[in-house]
Amino acid sequence: MVSDVDKEKDSIKVIDFHVHTGTWEMNTPGAREFMLRFYPDAEAHHRQLQDPLWYRDYLAGQGVHYAVVLAEHAPATSSYCPSEWVADYCRDIEMFIPFASLDPHSDAEPASKLEFYVKELGMRGLKLLPSYCFFSPNDAVIYPVYEKAQELDIPVVFHTGSSLIPGTKMRYADPLLLDDVAVDFPKLRIVMAHAGRGFWYDRAFFLSRLHQNLFMDITGLPPGKLLDYFPDLERNSEKILFGSDWPAAPKEIKSNVQAICDLPLNDATIENILYRNAERILFWEGL
Ligand SMILES: [Zn+2]
């Protein structure tokens, strides 16, 4: 039987919802050591991607049509890749969708900073790293940031689940903490990066089914294990997004895309994961 969707990696549309940029030196010594241990090419790739046109061409060669490029404000643990730097890096490259990052707990006036990033620098979303910056995402002190994100109509991505970067604290990465945020900000699109990796897969999956504004990305999860982690994946196919974590991940993006295409999933689910859900979040028309 001929499928409606050509399940070949070269023809299916892909939006990578989770890539990084920045110089190698922006990573902390601990993060650099970690990456080199698991991924010897990490430093070389960081040096290559200093040229945004090289990165654009590399991603296009991997079959990626659009990429969410994340700033990273986590100087205590992983890296400090400033939002301004990322905005500049992504400027004039249509494929790149820049997301800002900040520490909503310790930054002075983070809501107005976010407004500046979006309105003045053209950034299209926000990445927060509670377990890297040691704050609880349901702390009411940071609610003005979510109010601002909701008003600006941009999505917010949270790191959830484990990380092997030294110094991170997992208790802040519990998807359950985002239940409060999803309830208190019903029009805010929230993405749980890494889908509660480790021992919270069921929690992330359940919560994303429960709340219409809560999504999860499968960044860093081996595609071949997806159906072990999420046996009912097809029943939640409108809430799951593809991300690669490049250049902090050893696998080629196109082989991960192909591995997803090879899973025993219906065509609509594969399209949802690889690009339709990302389109819905990025070009949202309101809940
Ligand atoms: Zn990442």
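The values are calculated or read from the model by the stated rules, or taken from the named source; none is laboratory data. Keep in mind that this is a model prediction, so the values were computed, not measured. Virtual Cβ from ideal backbone geometry, glycine too; neighbours counted across all protein chains shown. We work out accessible area using only protein heavy atoms, side chains counted, and drop any ligands, DNA or RNA first. Shrake-Rupley method; radii C 1.70, N 1.55, O 1.52, S 1.80 Å.
Every condition in (1) open to solvent by 30 Å² or more (accessible area, probe 1.4 Å); (2) in contact with a helix residue (DSSP H, G or I) (Cβ under 7 Å, 6 or more places away or on another chain) holds for PRO186 except the one numbered (2).
Test ASP245 against the criterion of being acidic (Asp, Glu) and within 16 Å of the ligand (Cβ to nearest atom), and give yes or no.
Values: acidic (Asp, Glu): yes; within 16 Å of the ligand (Cβ to nearest atom): yes.
Yes, satisfied.
Of all the criteria given as (1) more than 16 Å from the ligand (Cβ to nearest atom); (2) over 20 Å from GLY243 (Cα atoms); (3) open to solvent by less than 70 Å² (accessible area, probe 1.4 Å); (4) touching a helix residue (DSSP H, G or I) at 6+ places or on another chain (Cβ under 8 Å), the one not satisfied by ALA44 is (4).
Is it fair to say PRO250 is farther than 28 Å from TYR143 by Cβ, free of Cβ contacts under 8 Å to residues at least 60 places away in the same chain and open to solvent by 30 Å² or more (accessible area, probe 1.4 Å)?
Working: farther than 28 Å from TYR143 by Cβ: yes; free of Cβ contacts under 8 Å to residues at least 60 places away in the same chain: no; open to solvent by 30 Å² or more (accessible area, probe 1.4 Å): yes.
In short, no.
Quick check on GLY198: is it surrounded by fewer than 17 Cβ atoms within 10 Å (Cβ to Cβ), within 16 Å of the ligand (Cβ to nearest atom), within 22 Å of ALA248 (Cα to Cα) and at pLDDT below 95? So GLY198 fits the description; yes.
Any residue at all in region 75-88 that is of a type in the set (D, E, K, R), within 18 Å of MET26 (Cβ to Cβ) and away from the ligand (no atom under 16 Å from the Cβ)?
Of region 75-88, the ones of a type in the set (D, E, K, R) are 84, 88.
Narrowing further to those that are within 18 Å of MET26 (Cβ to Cβ): 84, 88.
From the residues that got through so far, the ones that are away from the ligand (no atom under 16 Å from the Cβ) too are 84, 88.
Yes: region 75-88 contains one or more residues that are of a type in the set (D, E, K, R), within 18 Å of MET26 (Cβ to Cβ) and away from the ligand (no atom under 16 Å from the Cβ).
Of all residues in region 141-169, those being surrounded by fewer than 16 Cβ atoms within 10 Å (Cβ to Cβ) and either within 16 Å of the ligand (Cβ to nearest atom) or not in a helix (DSSP H, G or I) (or both) number 5.
The set of residues in region 253-283 being surrounded by fewer than 17 Cβ atoms within 10 Å (Cβ to Cβ), under 27 Å from HIS46 (Cβ atoms) and of a type in the set (A, V, I, L, M, F, W, C) consists of ALA259 alone.
Quick one: which residue in LEU114, LEU102, LEU129, LEU49 is within 18 Å of the chain's Cα centre (by Cα), open to solvent by less than 20 Å² (accessible area, probe 1.4 Å), within 18 Å of ASP245 (Cβ to Cβ) and hydrophobic (A, V, I, L, M, F, W, C)? Steps first, answer last, please.
Values: LEU114 fails: within 18 Å of ASP245 (Cβ to Cβ); LEU102 fails: within 18 Å of ASP245 (Cβ to Cβ); LEU49 fails: within 18 Å of the chain's Cα centre (by Cα).
Exactly one of LEU114, LEU102, LEU129, LEU49 is within 18 Å of the chain's Cα centre (by Cα), open to solvent by less than 20 Å² (accessible area, probe 1.4 Å), within 18 Å of ASP245 (Cβ to Cβ) and hydrophobic (A, V, I, L, M, F, W, C), namely LEU129.
For region 204-225, a residue qualifies if it is open to solvent by less than 70 Å² (accessible area, probe 1.4 Å) and over 20 Å from PHE158 (Cα atoms), and the qualifying residues are PRO223, GLY224.
Residues that are open to solvent by less than 60 Å² (accessible area, probe 1.4 Å), assigned to a helix (DSSP H, G or I) and at pLDDT 95 or above: does region 63-79 have at least one? Within region 63-79, none of the residues are open to solvent by less than 60 Å² (accessible area, probe 1.4 Å), assigned to a helix (DSSP H, G or I) and at pLDDT 95 or above.
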